[in-house]
Structure formats: C-alpha cells, structure tokens
Amino acid sequence: MNLDEIKSLLENLPESEKQIAIEEWALSTQPLVKARYAIEPDDRSTLSSLEFSRLPQLLVSELKRQRITYEEMAIQIGVSISTFKRLIAEPSSAKAINLHTLLKELGIKVWLEK
C-alpha cells in the first residue's frame, strides 16, 4: 500500500473514525532519531529527536563517566582533536559517520528511522 492509497482510505472514513485512526497512528510512531545508552542494565535513558539538543551534555557526561579524555577519544575514532571538539559542541552539524563512531565507542546504541 502506498501513501496515496492510505490517504484515499483515510479520506473515506467517517470523521470520528478518522480522528481515532490519526491518534492511534501518532501514538504508534517513534521519533525519527533515538539514542539509547545504558549505564547499568536497569538504568536506561532515551533521547528522542525532540531532545537532540541534550546530546552534547550526554556525550560530555559519558566521556567523564568512562574517564576518557577528548584526545584519547579523538585518536580512538580517527579524527583530529579540533574535529572532535566540534563534534562534541554541535553533534547535529557533524558527519553522521563520525557521530555514529563516537556513540558506538561510548557504548550508546543508535538507530535512525525515516
């Protein structure tokens, strides 16, 4: 089923059923970007696309928690120290591969959804 078929079916629904379908769909969809990291198996935190601005804080705290310096991590992920600092300061502007490599090294699971 393609998008046009879905739109057509939705348009043919009575108004009350249309509203219910839209609400259920909104509840079942997940944010476009999520990052999960676990400090301990029972202590999980989720970062959605709406909270992406918290990512720099998350990265810094995770580096501190693991006692890893910027220099060590830059070497570990294969980028210069200046690139690494930019990556920490503004992850949304970084290359996806560099951000993914950093998150993977920190043990943070990431997936992207379209």
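Could you please let me know if T29 is among the hydroxyl-bearing types (S, T, Y), at pLDDT below 80 and under 23 Å from the mean Cα position of the chain (by Cα)? Taking the combined requirement at face value, the residue satisfies it.
Conditions tested, residue by residue: (1) among the acidic types (D, E); (2) assigned to a loop (DSSP other than H, G, I, E, B); (3) modelled with pLDDT of 75 or more.
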residue: E11; (1), (2), (3): yes, no, yes
residue: I22; (1), (2), (3): no, no, no
residue: F52; (1), (2), (3): no, no, no
residue: E72; (1), (2), (3): yes, no, yes
residue: I88; (1), (2), (3): no, no, yes
residue: S92; (1), (2), (3): no, no, yes
residue: I97; (1), (2), (3): no, no, yes
residue: L102; (1), (2), (3): no, no, yes
residue: K114; (1), (2), (3): no, yes, no
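Among the residues of the stretch 69-109, which ones are surrounded by fewer than 17 Cβ atoms within 10 Å (Cβ to Cβ), in contact (Cβ under 8 Å) with a residue 24 or more places away in the chain and among the aliphatic types (A, V, I, L, M)? Of everything in the stretch 69-109, just one residue is surrounded by fewer than 17 Cβ atoms within 10 Å (Cβ to Cβ), in contact (Cβ under 8 Å) with a residue 24 or more places away in the chain and among the aliphatic types (A, V, I, L, M), namely A89.
The values are calculated or read from the model by the stated rules, or taken from the named source; none is laboratory data. Given the structure is predicted, the values throughout are model-derived calculations rather than measurements. Cβ sites come from the backbone with ideal geometry, for glycine too, and all protein chains shown count toward neighbours.
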